[in-house]
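One structure is given below, encoded as structure tokens.
The values are calculated or read from the model by the stated rules, or taken from the named source; none is laboratory data. Bear in mind the structure is a predicted one, so any value in this text is a computation, not a measurement. Please note: Cβ atoms are built from the backbone with ideal geometry, for glycine as well, and neighbour counts cover all protein chains shown. The accessibility values were calculated without ligands, DNA or RNA, using every heavy atom of the protein model including side chains. Shrake-Rupley method; radii C 1.70, N 1.55, O 1.52, S 1.80 Å.
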Amino acid sequence: MTSLPPFAGATAWLNSEPLTLHALRGRVVLVNFWTLTCVNWLRQEPWVRAWSRAYRDDGLVVIGVHTPEFGFEHDIELIRRSLADREIDYPVAVDSDYAIWSAFDNHYWPALYFADRSGEIVDFHFGEGRYEKSERTLQRLLGVSRPLTVVEGAGPEKGADWDTVRTNETYLGRGSSTEGPVESPAYLPFNRWGLDGAWRIGREDIELTAPGGTIAFRFQARDANLVLSNPTGAPIPFRVLLDGAAPGASHGADTSADGTGVLDYGRMYQLIRQDGPVAERTVEILFERPGVRAYVFTFG
């Protein structure tokens, strides 16, 4: 077993005063590493939130550790907004310098570490899933036995339809290991993406530098999501097309049936949730104004 390392490297704390190992002694601790744009964390979060509320009176302390993946995720106001969006009320350590990440020798978003009342890490889990076993571990450490928490994710928190996903997470910056854009997006091979308009391809993102630009992707999954940020300070309207038409009932949580949406602040935007049978489709995102930065497509 490994002892719980201190959280001294946090650059800030949200929902709590700074927590020390001394203050946590005698409590069961669940540490959740996350970053606000991670689709896997978004789909895991309903369980972590539910466990915090269900077991806090039994001695459980959930600590979220926000360690950013992309540069814009260092903005503490975006982290605060994410807490509000997800109704997170447990303590969150802001780990902008990766100090806590390094202390845990962590490598994944999301990651769960389970510590007993003596401060020993007795279990861990990386990624989504394993919810029943994780809750049973918490109950064992807390010394309680009762029916498991009922959790039903909605919107971007809804679990993926893994049986129909045939397209992998795809990063857009030149620093990724995935293939770059197709030169002409008029016809896209399956699982490829393309650009139209004036785009700058950076290390971790692509940026629209002139009015009127499009990103297109040929994919198969129930959900199509795109991480976007907006450094301009003004909302940027966009429109989503599915196979060249408005998505209708297949619109995502961040688009309407006619495909319209607004990029207001940096986060993951759910563009499409296919209604009915899942098939191979082409999604296009059209932006009216420059300044858009796009980072990664995710699917579910």
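Is it true that some residue in segment 91-106 is touching a His at 6+ places or on another chain (Cβ under 9 Å), not charged (D, E, K, R) and not in a strand (DSSP E or B)?
There is at least one residue in segment 91-106 that is touching a His at 6+ places or on another chain (Cβ under 9 Å), not charged (D, E, K, R) and not in a strand (DSSP E or B).
Please determine, by comparing only the residues of segment 131-145 that are more than 26 Å from the chain's Cα centre (by Cα) and not small (G, A, S), which one is surrounded by the fewest Cβ atoms within 10 Å (Cβ to Cβ).
Looking at the filtered set, the residue picked out is V144.
Only one of A23, A8 is open to solvent by 40 Å² or more (accessible area, probe 1.4 Å) and not in a loop (DSSP other than H, G, I, E, B). Can you tell me which?
None of the others qualify; the one that does is A23.
Within segment 55-75, can you find the residues that are more than 25 Å from F297 (Cβ to Cβ) and either of a type in the set (D, E, K, R) or over 16 Å from the mean Cα position of the chain (by Cα) (or both)?
Selection gives Y55, R56, D57, D58, G59, L60, V61, V62, I63.
If you go through segment 279-291 one residue at a time, do you hit one that is outside any strand (DSSP E or B), under 23 Å from the mean Cα position of the chain (by Cα) and surrounded by fewer than 18 Cβ atoms within 10 Å (Cβ to Cβ)?
Checked segment 279-291: at least one residue is outside any strand (DSSP E or B), under 23 Å from the mean Cα position of the chain (by Cα) and surrounded by fewer than 18 Cβ atoms within 10 Å (Cβ to Cβ).
Kindly list, by first and then second residue, each pair from a residue in segment 117-128 that is of a type in the set (A, V, I, L, M) to a residue that is assigned to a loop (DSSP other than H, G, I, E, B), limited to pairs with Cβ atoms under 8 Å and residues at least 6 apart or on different chains.
I121/M1; I121/L4; V122/M1; V122/D116
When you scan segment 50-79, how many residues do you find that are in contact (Cβ under 8 Å) with a residue 40 or more places away in the chain, charged (D, E, K, R) and either crowded, with 22+ Cβ neighbours inside 10 Å or farther than 16 Å from F33 by Cα (or both)?
3
Give me the strands (runs of 3 or more DSSP E) completely within segment 146-234, filtered to those with at least 1 residues that are acidic (D, E) and surrounded by 15 or more Cβ atoms within 10 Å (Cβ to Cβ), ordered by residue number.
193-196, 206-208, 223-229
Just a yes or no: is a residue in segment 115-130 surrounded by 15 or more Cβ atoms within 10 Å (Cβ to Cβ) and among the polar types (S, T, N, Q)?
no
Name the residue that is surrounded by the most Cβ atoms within 10 Å (Cβ to Cβ), counting only residues in segment 96-109 that are closer than 24 Å to A50 by Cβ and in contact with a Gly (Cβ under 7 Å, 6 or more places away or on another chain).
Top of the filtered list is I100.
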